[in-house]
Amino acid sequence: MKKALFTLVLASILLSGCSGLAKMKRKSNTVRYMANPNPVETMDDKVVVKFTGQIPEKYFAKNVAVFVQPVFEWDSGSIALEPITLKGENVTGEGITINYENGGRFNYNDMLDFKPGMESGRVTLAPVGYNTSVSDEFVRFADDVVTEHHGKTFNKVLISDGVNNTSSWVNIRGNISIAPLNYNKKQGVVETSDIYFLNGQSNLDWNFSMNRRFDTKAGLMDLKRIMLENGLPKQITISGWASPEGEETNNVGVSKNRADVATAQLKIILNEVLDIMAKRAKIAPQEIEYYKYNLMKQIVITTRSAGEDWVHFVLMVQQSDIQDKNAIVNIVETQQNLVKREQMIQNMSQVYPQLKDEIFPSLRRAQIALYYSEARKSDAELAKQASLNPAKLSFDELMYAAYINYNYPTKMKYYKWATENHSSEWAAWNNAGAVAFYLENYDEAERYLNVAREMNPHNPDILNNTGLLYLAKKDYSLAKYYFEEAGKQGSNDAAANIPILNLKKGNYSDAQKSMKNETCSYNLAFAQLMNGETNACIRTLNCCLDQNADVNYLRAIAYARLGDKANTYKNLQASVDQEYDYRKIAAVDVEFKEYWDDQEFQTIIKLY
């Protein structure tokens, strides 16, 4: 009798459990789900799925567990997200316990990588309930619950329809740092003097044939005469060069040592000139040194180790009577690999002795150049020469020509040429890296900036550009480090770039606070929009100097949030007129979801 009674009680419990599960499935539509935000949004190129589930009272059976696994579905596929388990009061094991009498709520949070095309994606879930006394913490997919635990699949629920990708509109280009120009259009070279050196050496030898041939001592005395007749120059530049047939790493050091030799000779000449000027001015003996000190402060003296002199090599080859001189010049202009180029030129020198006997010795030199106030080439002349033959421009002229050119691919061409032909100039590598970053060629930018940083590790421009590079690569800790280091070295650009880190990470409030001194910044407008300050965003965008497609598109989003249809369409039209691809973007942008079926909207985004 007792055994029969126990069997009856057990059957009653099991029947009750099955009945509870069936009831939960039947009334599953009473469970409320709310995405926050709705639709889901992206953050730092990831789709962030957040929602809350509200379980009604007297719904969740005590001996039931429910496997909840959201699925992100889009045209190209689907991704099952991280599952969670809800469980009744009598179920042990992992999971969120839901009270039968009072019901309860739960929060869900997961993310997945965002890919183009996911803008129209949907987040759905079809909970699977099963009777159990212990939840299964190892099960990973809904089908396994059905198979292994005889689970029942509840009605499919739509959590979010579409993905808001407005977070991606932050401008990560930021403020790139271009090296300061060392070019003054009102300065001109009055006089130069060269000192020549033996191959691979940097010691001064007055008896060296090239120094005797060009009378180097007389050339230096001419500099002294020029300064005594015309006064001290505004600027003096000392440049050390090497011929291009040697190994580049050795040539950089050799060119530096040669520049140092020329600097020592310049000091001797300047001291003699200043002594004579002091005598002419009848300066008292005790005041001569102070007089000379004040005069020296008026001169800007720059020393450059220019490395291999490819520019003058090309010029001398072009002016020579070498039979295959065009082929030699073509090697220099087209061979991007410096090591291969050097080897090919060495091979050419075996065929054409004129290279080895005349041209190379003329390039192994250091030059002292005096600059006075005198007009140089016009901007138009520089731009034309840079386009036709950059080899005919000095390094400073080339850098200036790149600076005044507003076409970034053309800038990149000039800076790249500068790195190949003025390889010891850190500014060339830095600027090439900065422009490559701007053009989103991040691997190329990294290569240039790594070289620049090796040459000048504490330079604020290089550090700031490196920070931008790591920002684009999403290594935010390194980006922060380089921005901060650049700031310590006096970079204003780095201070303007740090807020982008917060924008990428979704810390919009902190980002906006750090941009309090900015007024007409696109990223400030973006932060205001994401902080809900829509009208302020529009005012900021209205005063941006460059009213480009990005500005117009963001302003269209702002007006769409305000429900201003006319201004939404006006700015959207301006954006797609400036950049065709915005038609495709707007067509799936949930910011314009209210207008998708509108004929005027369809006309604006119509693809041709």
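The values are calculated or read from the model by the stated rules, or taken from the named source; none is laboratory data. On a predicted model such as this, the values are computed, not experimentally measured, just so you know. Note: ideal-geometry Cβ built from the backbone for every residue, glycine included; neighbour counts use all protein chains shown. Side chains are part of the model used for accessible areas, which takes the heavy atoms of the whole protein and leaves out ligands, DNA and RNA. Shrake-Rupley method; radii C 1.70, N 1.55, O 1.52, S 1.80 Å.
State all residues of segment 139-177 that are open to solvent by 30 Å² or more (accessible area, probe 1.4 Å) and under 15 Å from residue 87 (Cα atoms); if no residue qualifies, say none. 149, 152, listed by residue number. Exactly one residue among 42, 30 is touching a residue at least 60 places away in the same chain (Cβ under 8 Å) and either out of contact with any strand residue (DSSP E or B) (no Cβ under 7 Å at 6 or more places or on another chain) or not hydrophobic (A, V, I, L, M, F, W, C) (or both), and that residue is 42.
Residues are listed down the side, and each one gets a yes or a no for (1) outside any loop (DSSP other than H, G, I, E, B); (2) closer than 16 Å to residue 158 by Cβ; (3) under 44 Å from the mean Cα position of the chain (by Cα):
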| position | (1), (2), (3) |
| --- | --- |
| 34 | yes, yes, yes |
| 37 | no, yes, yes |
| 50 | yes, yes, yes |
| 53 | yes, yes, yes |
| 58 | no, no, no |
| 62 | no, no, no |
| 65 | yes, no, no |
| 72 | yes, yes, yes |
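At pLDDT below 95 and open to solvent by 60 Å² or more (accessible area, probe 1.4 Å), is that true of residue 523? So residue 523 does not fit the description; no. When residue 215 is tested against (1) of a type outside the set (Gly, Ala, Ser); (2) at positive phi; (3) open to solvent by less than 40 Å² (accessible area, probe 1.4 Å), exactly one condition is not met: (3). Screening segment 210-303 for helices (runs of 4 or more DSSP H) wholly inside it with 3 or more residues that are under 37 Å from the mean Cα position of the chain (by Cα) returns the ranges 248-280. Quick check, is residue 164 polar (S, T, N, Q) and touching a residue at least 40 places away in the same chain (Cβ under 8 Å)? So residue 164 passes the test. Please go through segment 460-479 and give me each residue that is free of Cβ contacts under 8 Å to residues at least 60 places away in the same chain and surrounded by 19 or more Cβ atoms within 10 Å (Cβ to Cβ), ordered by number. 463, 466, 467, 469, 470, 479 - these are the residues of segment 460-479 that are free of Cβ contacts under 8 Å to residues at least 60 places away in the same chain and surrounded by 19 or more Cβ atoms within 10 Å (Cβ to Cβ). Scanning segment 257-271 turns up one or more residues that are hydrophobic (A, V, I, L, M, F, W, C), within 16 Å of residue 294 (Cα to Cα) and in contact with a strand residue (DSSP E or B) (Cβ under 9 Å, 6 or more places away or on another chain). For segment 195-209, a residue qualifies if it is over 17 Å from residue 239 (Cβ atoms), of a type outside the set (Asp, Glu), assigned to a loop (DSSP other than H, G, I, E, B) and over 42 Å from the mean Cα position of the chain (by Cα), and the qualifying residues are 198, 203, 206, 207, 208. Within segment 127-177, if we keep just the residues that are in contact with a helix residue (DSSP H, G or I) (Cβ under 6 Å, 6 or more places away or on another chain), part of a strand (DSSP E or B) and not charged (D, E, K, R), the residue that is nearest to residue 62 (Cα to Cα) turns out to be 131.
Residues of segment 423-449 that are of a type in the set (Phe, Trp, Tyr) and either within 22 Å of residue 309 (Cα to Cα) or open to solvent by less than 10 Å² (accessible area, probe 1.4 Å) (or both): 426, 429, 437, 448. Tallying residues that are of a type in the set (A, V, I, L, M, F, W, C), open to solvent by less than 60 Å² (accessible area, probe 1.4 Å) and over 15 Å from residue 591 (Cβ atoms) within segment 542-572 yields 4.
Yes/no per residue for (1) outside any helix (DSSP H, G or I); (2) touching a Lys or Arg at 6+ places or on another chain (Cβ under 6 Å); (3) hydroxyl-bearing (Ser, Thr, Tyr); (4) surrounded by fewer than 16 Cβ atoms within 10 Å (Cβ to Cβ):
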residue	(1), (2), (3), (4)
362	no, no, yes, no
366	yes, yes, no, no
399	no, no, no, no
410	no, no, yes, no
413	no, no, no, no
420	no, no, no, no
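Scanning segment 532-578 for residues that are among the basic types (Lys, Arg) and under 25 Å from residue 510 (Cα atoms) turns up 539, 555, 561. Just give me the residues in segment 572-608 being of a type in the set (D, E, K, R) and either within 13 Å of residue 552 (Cα to Cα) or without any contact (Cβ under 8 Å) to a residue 40 or more places away in the chain (or both), in sequence order. Listed by number, the residues that qualify are 577, 579, 581, 583, 584, 594, 597, 598, 600, 606.
Being of a type outside the set (A, V, I, L, M, F, W, C), at pLDDT below 90 and surrounded by fewer than 19 Cβ atoms within 10 Å (Cβ to Cβ) is a property that holds for residue 182. Could you check segment 74-113 and list, in sequence order, the residues that are among the polar types (S, T, N, Q) and part of a strand (DSSP E or B)? Of everything in segment 74-113, those that are among the polar types (S, T, N, Q) and part of a strand (DSSP E or B) turn out to be 78, 85, 92, 97, 99, 107, 109.
Among the residues that make up segment 3-14, is at least one of them modelled with pLDDT of 50 or more and at negative phi? Scanning segment 3-14, I find no residue that is modelled with pLDDT of 50 or more and at negative phi, so the answer is no.
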